[in-house]
1. Could you give each residue of segment A:250-263 its phi-based ³J(HN,Hα) in whole Hz, using Karplus coefficients 6.51, -1.76, 1.60 with θ = phi - 60°, and x for Gly or Pro?
2. Whole-Hz Karplus ³J(HN,Hα) for segment A:122-131, in order, using 6.51 cos²θ - 1.76 cosθ + 1.60 and θ = phi - 60°, x for Gly and Pro?
3. Rank these for me by crowding, A:W21, A:W40, A:W263, going from fewest to most other beta carbons within 10 Å.
4. On each of the three principal axes of the Cα atoms of segment B:166-257, give max minus min coordinate, whole Å, ordered largest first.
5. If you split all Cα-Cα distances of segment A:101-170 into 10 Å bins from zero, what percentages do you get per bin, shortest first?
6. Could you pull the Cα extents of segment B:38-101 along its three principal axes, largest to smallest, in whole Å?
7. May I ask you to sort B:H50, A:H58 by Cβ crowding, counting other Cβ atoms within 10 Å and putting the fewest first?
8. Between beta-carbons, use under 12 Å as the cut-off and find the net charge around A:T248, counting Lys and Arg +1, Asp and Glu -1.
Amino acid sequence: MATTAGVLDRTVTARRSSGIWRDALGRLMRNRLAVIGGIWVIFLILLAIFGPAIAPWHYDQKDNVAFNLAHGRPAPPFTIPNHPLGLDNYGLDIFSKLLDGAQISMSVAFVAQAVVLLIGIPIGALAGWYGGRLDTYLMRFTDVMYAFPDLLLIILLSVAFRDTDFGRALNGLFLVFVAIGLTSWVTVARLVRGQLLSLREMEFVEAARAIGVSGRKIMTRHLLPNAIGPVTVAVTLGIPTAILFEATLAYLGVGVQPPRASWGKMIAEGVNFIRSAPYLTYLPGLMIASALISFTFLGDGLRDALDPKLKGKQ
Amino acid sequence: MEEAVSLEVTPDEAARITREQRETKAAKSKNLLEVKNLSTHFFTPDGVVHAVDDVSFELGYGETLGLVGESGCGKSVTALSLTRLVPNPPGKIVSGSVVFDGVDLLKLSDEGMRKLRGKEIGFIFQDPLTSLNPTLTIGYQIAESIRQHMGLSKKASYDRVVELLDKVGIPRARDRLGDYPHQFSGGMRQRVMIAIALSCDPKLILADEPTTALDVTIQAQILELISVLSDEFGTAVLLITHDLGIAAGMCDRVNVMYAGRIVETGSVDVIFERPRMPYAWGLLDSLPRLDDVRSDRLRTIEGLPPLLINVPDACRFNPRCAYARDACRDHEPGLTPREEPGHYARCWATDKGGWIP
């Protein structure tokens, strides 16, 4: 009964149309895990943006006075004034380093995914739209990329370009963006191709042709918007992988270079003191874990919210 | 209730109608559409499918022509061929000419053809649920055609959209421009499709089973709408249907198609009162009748249309025909004239010297 009333209400009242994205947002807001994930993601983004402004110290600034008071050893959180999360083994402020790490992780999260989209969407769209030979070539190339171990390729790229200007740009961060982007576009390319293959057979595409819409416009106006949902989900779920790659590279010493304080680098430095000063490892580890989990929750929530088959359920 | 149509003719519309009738009269000597020997083949791994085989017909200005037949007889492919929308590969128009308003469409450049689609030839598809893009608003989708072809500004095109939606009987049109297809019922969406087809005042509308996906009451309203609006706009209609009842009610002339060929053509009265081709008899017989008390089963034509690969030189209907003789299996009959002017049938048995009087 309630449903019937709802339907009637929708047709009778001149309700402003809601649109697909607003519907999806409504469904997303009802998913508690996704909301928690989303809030933490927003919090991390704010930390990344305003980190330099709120950091009490520069991430590379050694506090000799406090370090001497701590007898030249790492200081645990809440034990010394002016350094809320303590000092590390170099006498640097852990809180300020974590803020810089947030900036690195968040920029990797979004910029590397932008590179992924920039490569993945055109390749997938060309293959799916034109089909035939071009499709075969592009997809075999994609398969080769897919078969190659991602981390190995990223490490190879990082090492190969480390000493060039390109490799040194942004303390090596730029190279990290490109290396992750170059290895992670495969999923998006395959997804976009699959979407286009099924979408281009839809009757509304034929209908658009029948009113004389040009091929380019059919692609940009009719097909790609229909593929945005799945691509958004894939990109969101790809972010944790990118963050983890960055941390791994930094841990191995081939990613972002000092003095920038990547979370992975902080862990690598902390493991030497894992018994005497475990917080040097735990704090950045906690940041990485929470970032990964929150992006995953958000991505899962988006997948449910954007799936048209689930409409009306929940 | 939401489907109610109001179609009042305003004075300047009336003036336009008379003007169009005058134009129609002036052009009466030649046809709007002349299709000659059109063949469309599909090149599949199993062989070449002769989906449309040597089809010729013409359509006058403002006329409504029916194209009837079972599924898989080439009706839709014929319509798609006219606008060169046959999926290629595997489909290809291999021969023939399609002269539309003096222009051979098959010789036109791709760009020229694209400019014609939607402007001169409108298309109404079978399933309004899938022929509208779910991610674009109704207003945008109707305006798309107008903007494409008439070069109107965004605002002017939306004014025209409101006018069109009013015309096809969608209440509170201006409020619904921003709505998405899923907020419309099936019948309303087909009205939107009609609005899109009519948006640029086309000379011809190709309606491919426009009511098959709709329930019977909505069907009648949609057909009425197509018929009223095509009269008002002076638009010719090529109506593809497998429902002979619809063809009888809507069309001036009817082409019966079977296995990629036109097997009978004539005015709607002749086809329904004095058909001269056993396939047409079968189609008419299979209509359920209120006064038929003999049997409560529906009558059918036994068998299926043939696969159109390696078609032999024989009447294509002969395996399913109760009257077939050796002659039917030896050679394919031509489309030959029958008694009434403009009535042609493809059948040895009813031709001169045939065995059915």
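1. Couplings: 5, 4, 7, x, 10, x, 4, 8, x, x, 4, 9, 6, 4 Hz.
2. Ordered by residue, 3J(HN,Hα) equals x, 5, x, 5, 4, 5, x, 7, 7, x Hz.
3. Least to most surrounded, the residues fall as A:W21, A:W40, A:W263.
4. 42, 27, 17
5. For segment A:101-170, the binned pair fractions read 16, 34, 34, 14, 1 percent.
6. The Cα atoms of segment B:38-101 stretch 41, 25, 18 Å along their principal axes.
7. Fewest-to-most Cβ neighbours within 10 Å comes out as A:H58, B:H50.
8. -1
The numbers here are math on the coordinates, done by the rules we state, and not lab data. Source: prediction; values computed, not measured. Cβ sites come from the backbone with ideal geometry, for glycine too, and all protein chains shown count toward neighbours.
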